[in-house]
Number of protein chains: 2
Amino acid sequence: MSFIAETPQPPYYAVIFTSVRTGGDDGYAETAARILALARQQPGFLGFESARDTGEGISVSYWASLEAIKAWRDRPEHRQAQAKATQWYASHRIRICRVERDY
Amino acid sequence: MSFIAETPQPPYYAVIFTSVRTGGDDGYAETAARILALARQQPGFLGFESARDTGEGISVSYWASLEAIKAWRDRPEHRQAQAKATQWYASHRIRICRVERDY
């Protein structure tokens, strides 16, 4: 699997998740891997890219539609993980974007 | 300066730059710092976030409009840096996005 996601022709959607981790693992790594595996099975999932540098990270997931993003957001396993955000992240921001061009 | 960009209320624009670096510096670090300093002075620049993990990186710059992105893309110093992309990156992809919601 290459690092750069093989997304289709635009338009499609991106969720940019920028975060600063708190110290310690606290179940984070295991949950992150499990949640990503679930996302990959979700209808409309197009790809995922992530990089983290000493606690500061950017993850981008790509989706076919806003509906697909909403369905994933509301999935119970994902909701449970979201509830731990304040434990795992000192700060974080989520941006929902429409990808208009890529090259 | 905090890691997470203090962007205004949407809508605004994001340029997601995903890349895999080649080995060696080859003027990269100096140019990257200079180009970012220039971008920050550009009209419509809203913010910048970047993370790199063993050569695989995601950088996101935020902009007020597509016109601001185009003006920055065409600035001569930026064009010169773009011409070195194949030297610095084994692969890279640029996605131009409209940020519709953030939280």
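The values are calculated or read from the model by the stated rules, or taken from the named source; none is laboratory data. Note that the coordinates shown come from a computational prediction; the quantities given were computed from them, not determined experimentally. In this analysis, Cβ positions are derived from the backbone assuming ideal geometry, glycine residues included, and neighbour counts consider all displayed protein chains. These accessible areas exclude ligands, DNA and RNA; they are computed on the full protein's heavy atoms, side chains included. Shrake-Rupley method; radii C 1.70, N 1.55, O 1.52, S 1.80 Å.
Just a few scattered comments:
- Degrees separating the helix A:28-41 axis from the principal Cα axis of chain A, which is the longest one: 20
- Size of electric dipole in the protein assembly as shown: Cβ of Lys, Arg +1 and of Asp, Glu -1, about Cα centre, debye, nearest 20: 440
- Pairing chains A and B buries close to 3200 square angstrom of accessible surface in total, based on protein heavy atoms and a 1.4 angstrom probe.
- Derived scalar couplings ³J(HN,Hα) [region B:83-93; Karplus, 6.51 cos²θ - 1.76 cosθ + 1.60; whole Hz; x for Gly, Pro]: 5, 9, 4, 5, 6, 8, 10, 5, 7, 7, 9
- The protein assembly as shown: projected area of the alpha-carbon convex hull, averaged over directions, in nm²: 11.4
- Residues A:H92 and B:E67, FRET efficiency given R0 of 30 Å [Cβ-Cβ distance, rounded to 0.05]: 0.50
- Distances, shortest first, from the label point of B:L36 to those at the same position in the other copies read 2.3 nm; the point lies 7 Å along Cα to C-beta.
- Considered as an equivalent ellipsoid built on the Cα gyration tensor, chain A has semi-axes of 23, 16, 12 Å, the largest given first.
- Neighbours of A:Q42 by Cβ distance under 15 Å: Lys/Arg scored +1, Asp/Glu scored -1, total +3.
- Taking amide hydrogens as placed 1.01 Å from N in the peptide plane, the amide H of B:A90 sits under 5 Å from those of B:V20, B:R21, B:T22, each at least 5 positions away in sequence or on another chain.
- Computed in the context of the full set of protein chains, the accessible area of the protein assembly as shown at 1.4 Å probe radius has 54% of its extent on carbon or sulfur.
- A simple charge model with +1 on the Cβ of Lys and Arg, -1 on the Cβ of Asp and Glu and nothing else charged puts the dipole of chain B at about 300 debye relative to its Cα centre.
- Each part reduced to its alpha carbon centroid, region A:2-27 and region A:53-74 end up 6 Å apart.
- Distances between copies at A:A71, taken between label points 7 Å from Cα along the C-beta direction, are 4.2 nm in increasing order.
- Which of B:T22, B:T54, B:Y103, positive extreme of dipole for chain B (C-beta unit charges): B:T22
- Across identical copies of the chain, A:A83 has label-point separations of 5.8 nm, listed in ascending order, with the point defined 7 angstrom from Cα along Cα→Cβ.
- Label-point separation, B:Y28 to A:A83 (7 Å along Cα→Cβ), nm: 4.3
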